[in-house]
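Data first, discussion second: the structure below is written as C-alpha cells.
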Amino acid sequence: MKILFIGDIVGEPGRRYVGEILDQMLPEMQPDLVVANAENATRGRGLSRRSAEELYDAGVEILTMGNHTWDQRQIFEFIDDDMRIVRPANYPQGTPGRGFTVVRVGKQEVLIINVMGRTFLSTLDCPFEAVEKILADHPQIRHVLVDMHAEVTSEKLGMGWAFAGKVSAVLGTHTHVPTADARILPGGTAYISDVGMVGPHDGILGMKREQVIRRMRTQLPTKFEVADGPRQFCAVMLELDDESGKAVRIEQVHYEEPST
Ligand SMILES: [Fe+2]
C-alpha cells in the first residue's frame, strides 16, 4: 500500500500547488491514499469549506489539522459531518469533530490519527494516552498513521519511539520546515520529525517575511498574510506492507520553483 502524506498546506498558493503537483504525480506514483495536513489551508489559518472542497477535488482524501483547527469559525458548521477531517485527538472530550478516522483502502482499513504536542502549544490532554486509547479501541486495524502536530523535534521523536512497532508511521507536521531524519524505526514504523509545507517558499513558514520579521523585532501585534512568489511542495511517500501494515519505505517528495 502506498500512501502520500503532504505537509502543511499554506493558503491559496499552497492549495493551487497541491492541485498542480497531484495532477502530474498521481498518474505516475499511483498512491492508494492521499492525506494532507490542512490546518493552514485558508489564508494560512484554519480551513474553510471551500478550501476543503478544493483539496478533495485535487485528490486529497483525508485532511489532518492542528493548533489552527478553529481559526476559520465556519469549521464548526461542517467538522462534525465531514468524516474526512481529523483534528487533534487530545482536545478534551466533547470537542467538535473527531481525532481519528478510518478509511478503507482496497481490502484494508487505515486508521488516521492526529495529535498535538504540548511544548510551546496549548496544554491539551496527553497525546501519548490519546494515541494509546485509539489503538486499544481498534485492535483489528494494522495500517495506522499518526500525524504528530508539534513544535519541538524531541516531542515528535518521543511519539515515534513510544509507538515504534505499534503503528505504521509517525509523521511530524507544524514547523513547515522539512527535516532530514526520515527513517524506519525498529518494528516497521516510518518516522520523520517534520514533513515540511506546501506554499510560498520565500516567506517565513509561508507568510510574508517582512511582517514576520517586523513582529520579531518589535514584538508588536502584526497582521500576517500569506506570501506570494515561488512555491515549494513537501510530502512523504510511504510504502506499507499490505498484510502487516509495517512500513517498508519512507521517501521525501520535494518540488520547488526557483526563487526570483
Ligand atoms: Fe500548526
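The values are calculated or read from the model by the stated rules, or taken from the named source; none is laboratory data. Because the structure is a prediction, the values reported are computed rather than measured. Note: ideal-geometry Cβ built from the backbone for every residue, glycine included; neighbour counts use all protein chains shown. Only protein heavy atoms, including side chains, enter the accessible area calculation; ligands, DNA and RNA are left aside. Shrake-Rupley method; radii C 1.70, N 1.55, O 1.52, S 1.80 Å.
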* Could you count how many residues in the range 19-31 are under 19 Å from Gly196 (Cβ atoms) and assigned to a helix (DSSP H, G or I)? -> 7
* Name, by its number, the condition in (1) within 17 Å of the chain's Cα centre (by Cα); (2) surrounded by 19 or more Cβ atoms within 10 Å (Cβ to Cβ) that does not hold for Ile75. => (1)
* Would you check if there is a residue in the range 39-62 being modelled with pLDDT of 95 or more, part of a strand (DSSP E or B) and within 16 Å of the ligand (Cβ to nearest atom)? => no
* How many residues are away from the ligand (no atom under 15 Å from the Cβ) and under 15 Å from Arg45 (Cα atoms) if we restrict to the range 63-91? -> 3
* To do: Filter the range 170-180 down to residues that are more than 13 Å from the ligand (Cβ to nearest atom), assigned to a strand (DSSP E or B) and closer than 19 Å to Gly44 by Cβ, then give me how many there are.
  => 0
* Among the candidates Gly172, Gly187, residue that is modelled with pLDDT of 95 or more and surrounded by 15 or more Cβ atoms within 10 Å (Cβ to Cβ) -> Gly172
* **Index of the failed condition, Arg215 passing every other in (1) away from the ligand (no atom under 16 Å from the Cβ); (2) within 15 Å of the chain's Cα centre (by Cα)** => (2)
* To do: Give the residue, chosen from Glu53, Glu61, Glu39, that is closer than 20 Å to Val10 by Cα, open to solvent by less than 10 Å² (accessible area, probe 1.4 Å) and of a type in the set (D, E, K, R).
  => Glu39
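Based on what the data block shows, is Val34 away from the ligand (no atom under 16 Å from the Cβ) and either in a loop (DSSP other than H, G, I, E, B) or small (Gly, Ala, Ser) (or both)?
no
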* Structure fact -> Apart from one, (1) out of contact with any His (no Cβ under 8 Å at 6 or more places or on another chain); (2) polar (S, T, N, Q); (3) farther than 21 Å from Val35 by Cβ all hold for Ser259; the odd one out is (1)
* Structure fact -> Flagged in the range 127-145 as surrounded by 12 or more Cβ atoms within 10 Å (Cβ to Cβ) and either assigned to a loop (DSSP other than H, G, I, E, B) or within 16 Å of the ligand (Cβ to nearest atom) (or both), in numbering order, are Pro127, His138, Ile141, Arg142
* Structure fact -> Taking the range 146-169 and keeping residues more than 17 Å from the chain's Cα centre (by Cα) and either within 16 Å of the ligand (Cβ to nearest atom) or open to solvent by 10 Å² or more (accessible area, probe 1.4 Å) (or both) leaves Ser154, Gly158, Trp161, Ala162, Ala164, Gly165, Lys166
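Assess whether Asp241 counts as being within 19 Å of Pro31 (Cα to Cα), open to solvent by less than 80 Å² (accessible area, probe 1.4 Å) and either at pLDDT below 95 or more than 18 Å from the chain's Cα centre (by Cα) (or both).
yes
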* Asked: List, please: which pairs have Cβ atoms under 9 Å, are six or more places apart or on different chains, and start with a residue in the range 20-34 that is open to solvent by 40 Å² or more (accessible area, probe 1.4 Å) and end with one that is in a loop (DSSP other than H, G, I, E, B) and not polar (S, T, N, Q)?
  -> Asp23/Gly59; Leu26/Gly59; Asp32/Met1; Asp32/Gly106
* For the range 209-218, indicate whether the set of residues that are in a loop (DSSP other than H, G, I, E, B) and either more than 19 Å from Leu55 (Cβ to Cβ) or open to solvent by 30 Å² or more (accessible area, probe 1.4 Å) (or both) is non-empty. => no
